[in-house]
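Working notes for the structure below.
The values are calculated or read from the model by the stated rules, or taken from the named source; none is laboratory data. What you are looking at is a predicted structure, and each value in this text was computed from that prediction instead of being measured. A quick note on method: Cβ atoms are made from the backbone with ideal geometry, for glycine too, and the neighbour counts reach across all protein chains shown. Surface accessibility is based on the protein's heavy atoms, side chains included, excluding ligands, DNA and RNA. Shrake-Rupley method; radii C 1.70, N 1.55, O 1.52, S 1.80 Å.
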Amino acid sequence: MNVEANASSYDAIVIGAGVAGLYQLHKLRSLGMSVRVIESASGVGGTWYWNRYPGARFDSQAEIYQYWFSKELYESWQPSERFPAQPESERWLNHVADKLDLNQDIEFNTRVDSAHWQEADGSWAIRTDKGDRLEARYLIACTGMLSAPLEDVFPGQSTFQGQICHTSRWPKEGVDLKGKRVAVIGTGATGIQATQSIAPEVESLTVFVRTPQYTIPMRNPKYTEEDWKHWSKNFTYLKDKVLNTFAGFDYDFDGRSWHTDTPEQREQTLEKLYNDGSLALWLSSYPEMFTEAEVSEEISRFVRAKMRARLNNDADLCKLLIPTSYGFGTRRVPLDTGYLETFLRPNVKAVNCRETPIEGIVPEGVLMQDGSVHEVDIIVLATGFDAGSGALTRIDIRGKEDCSLKEEWSNEIRTAMGLQVHGYPNLFTTGAPLAPSAALCNMTTCLQQQVGWITDIIQYAKAEDKTVIEPTKECQDEWVRHHDEVTNQTLLPLVDSWYMGTNVPGKPRRLLSYCGGVNNYNQHCVELARNNYPGFVFA
Ligand code: NA7
């Protein structure tokens, strides 16, 4: 295998050294394969390398935001709190890379520009921005669900005389916010974390709100050595549990029904789960929240009342910051730490940019459509990502007959279980569209499940003496049909957000994450493997 002269040849190239890429490297190496990971950052971590903005932290509990292949590894790292912040997560992934001696096989500061399938010998020809030419039998894109930032959002950004920064491109050396006039644009999970963290430090903070979010106060106790011993004792239980729940967490809906519970029981359940300070209210209260408009409205009302109290019932703030146009849980639910209360501070102002949209950026600050300008020194773009597909379509990926993934996906995003795409043999993906992911899955659960499945199918092909793996068109069509059918039973497709791809102009509308449950998805994947992968062609 070396169609392209002078190319370095590997059994597999993995793109990305985040949670999935690190594990994929480890797994393939343990099969005795030669593997190279290409990573654009200068270190490991993926999401936890890039998202250095103030307040960045995950909202899966630390005891389940974990790798499950080694109890020893689990025990070797003690999280400091229930929801650790970015620096700790980055340190954790460096710890994992060190323990497994992964860095020697990672090419840092290098971006994959293109990957072209070579039919002649069944391999991928890969080019990087460094001019490297690589070849590999398998190409595994562990490129992240939320890694392609929407940075160039407003006309005139380059004319701004202060500093402008997307949250996921926050400089390593930090940004000096002290005493500055700062704007935060965006109130998703990221904007919320940034807003609450930045406010006490800055002279003034202007938050531009287009769509308000339902938000739940995070309960984030410190973890002691004793706590971690407790979780370590439950390692096997947690490891099994997360794969058998709706969203890859350790909590689940557990058979409770809105219709059979009395109003008192409902109130009690909602109150208890709200006070847990986790995503449990969303992902383990009542499943009807996702499917029945009336239940969605009742639960939304419960959360709105909590939010109103947190805003001291201030009528203007409540109008601007409490959602009424969509139901709780139909967009990503963030956890916050004093986010709403931040707006009660004298140095914080919320601006309604739905009523008066942002026109662009001018040297002095943010220009509104009515001609007014909010003068600031620093602009924080918490404007989100081209989720799911963006990281892949930003690479020139060409499969059989030179078909371009970017072109195909500009019409319609289709995959076989988010693991492969018909027409792109030996390309595997994690965190890609139509699999459970960020929106509806604890990321470490679904990424490891996918890496495990990918490794198994590659191992199976090897045992069968086959070198090319591709899903049939029928297999992919059937998955897309099932995905859409499950989606259409829910309220999710009725609401605009990055879940549906509507945050990117021109992106085809489809729910990006599979919402049929991590448990069911995993079961389907297990069945496929057990039955020697029907719907996949091996050559
Ligand atoms: P999100 O959730 O996509 O949020 C982006 C925010 O930026 C959202 O409030 C947008 O308003 C706002 N936005 C984007 N463009 C504009 C313009 N042109 N004008 C005003 N406001 C704008 O991204 P996050 O980074 O917060 O979170 C992404 C995921 O990362 C999160 O769900 C977690 O899973 C981790 P909009 O809602 O579109 O009206």
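Are any residues in region 131-164 within 30 Å of Met368 (Cα to Cα) and of a type in the set (Ser, Thr, Tyr), and if so, which ones?
Ser147, Ser158, Thr159
Among the candidates Gln196, Gln213, Gln268, single out the residue that is modelled with pLDDT of 95 or more, out of contact with any helix residue (DSSP H, G or I) (no Cβ under 6 Å at 6 or more places or on another chain) and within 30 Å of Gln369 (Cβ to Cβ).
Gln213
Looking at (1) open to solvent by less than 60 Å² (accessible area, probe 1.4 Å); (2) closer than 12 Å to Thr330 by Cα, which is the only condition Glu297 fails?
Among (1) open to solvent by less than 60 Å² (accessible area, probe 1.4 Å); (2) closer than 12 Å to Thr330 by Cα, Glu297 violates only (1).
Identify, please: which residue in region 178-187 is assigned to a strand (DSSP E or B) and within 12 Å of the ligand (Cβ to nearest atom) and is, among those, farthest from Leu321 (Cα to Cα)?
So, considering only residues that are assigned to a strand (DSSP E or B) and within 12 Å of the ligand (Cβ to nearest atom), the one farthest from Leu321 (Cα to Cα) is Ala183.
Condition (residue is surrounded by fewer than 21 Cβ atoms within 10 Å (Cβ to Cβ), within 30 Å of Met307 (Cα to Cα) and in contact (Cβ under 8 Å) with a residue 60 or more places away in the chain) applied to region 231-245: is it met by at least one residue?
no
Keeping to region 344-359, report how many residues are under 28 Å from the mean Cα position of the chain (by Cα), over 15 Å from Thr383 (Cβ atoms) and surrounded by fewer than 18 Cβ atoms within 10 Å (Cβ to Cβ).
Matching residues across region 344-359 total 1.
From Val295, Val333, which residue is part of a helix (DSSP H, G or I) and out of contact with any Gly (no Cβ under 7 Å at 6 or more places or on another chain)?
Val295
Yes or no, residue by residue, for (1) within 20 Å of Gly329 (Cβ to Cβ); (2) open to solvent by less than 20 Å² (accessible area, probe 1.4 Å); (3) in contact with a Gly (Cβ under 9 Å, 6 or more places away or on another chain):
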site	(1), (2), (3)
Gly423	no, yes, yes
His483	yes, yes, yes
Arg510	yes, no, yes
Tyr533	no, yes, no
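If I filter region 79-86 for residues that are outside the structural domain of Thr187 (by TED's automatic domain parsing) and under 30 Å from Lys462 (Cα atoms), do I get at least one hit?
No, every residue in region 79-86 fails to be outside the structural domain of Thr187 (by TED's automatic domain parsing) and under 30 Å from Lys462 (Cα atoms).
Would you check if there is a residue in region 489-505 being away from the ligand (no atom under 13 Å from the Cβ), open to solvent by 20 Å² or more (accessible area, probe 1.4 Å) and of a type in the set (A, V, I, L, M)?
Within region 489-505, one or more residues are away from the ligand (no atom under 13 Å from the Cβ), open to solvent by 20 Å² or more (accessible area, probe 1.4 Å) and of a type in the set (A, V, I, L, M).
Being crowded, with 24+ Cβ neighbours inside 10 Å and outside the structural domain of Gln24 (by TED's automatic domain parsing): is that true of Val362 here?
For Val362, the condition - crowded, with 24+ Cβ neighbours inside 10 Å and outside the structural domain of Gln24 (by TED's automatic domain parsing) - is not met.
Checking the conditions here, which among Arg398, Arg354 is basic (Lys, Arg) and within 16 Å of the ligand (Cβ to nearest atom)?
Arg354
Taking region 188-226, which residues are farther than 18 Å from Asp59 by Cβ and part of a helix (DSSP H, G or I)?
Scanning region 188-226 gives Ile198, Glu225, Glu226.
Results for (1) away from the ligand (no atom under 16 Å from the Cβ); (2) of a type in the set (Ser, Thr, Tyr); (3) open to solvent by less than 30 Å² (accessible area, probe 1.4 Å), shown as yes or no for each residue.
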position: Ile164; (1), (2), (3): no, no, no
position: Asp176; (1), (2), (3): yes, no, no
position: Gly191; (1), (2), (3): no, no, yes
position: Lys229; (1), (2), (3): yes, no, no
position: Asp252; (1), (2), (3): yes, no, yes
position: Arg256; (1), (2), (3): yes, no, no
position: His259; (1), (2), (3): yes, no, no
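For region 141-156, indicate whether the set of residues that are open to solvent by less than 30 Å² (accessible area, probe 1.4 Å), of a type in the set (S, T, N, Q) and within 16 Å of the ligand (Cβ to nearest atom) is non-empty.
yes
Where residues in region 376-395 are within 16 Å of the ligand (Cβ to nearest atom) and among the polar types (S, T, N, Q), which of them is least open to solvent (accessible area, probe 1.4 Å)?
Ser389
At least 3 residues that are within 24 Å of the chain's Cα centre (by Cα), under 24 Å from Ala280 (Cα atoms) and at pLDDT 95 or above in each: list the helices (runs of 4 or more DSSP H) lying fully within region 9-108 that qualify.
In region 9-108, 86-99 are the helices (runs of 4 or more DSSP H) which contain 3 or more residues that are within 24 Å of the chain's Cα centre (by Cα), under 24 Å from Ala280 (Cα atoms) and at pLDDT 95 or above.
All but one of (1) touching a residue at least 24 places away in the same chain (Cβ under 8 Å); (2) surrounded by 16 or more Cβ atoms within 10 Å (Cβ to Cβ) hold for Glu75; which doesn't?
(2)
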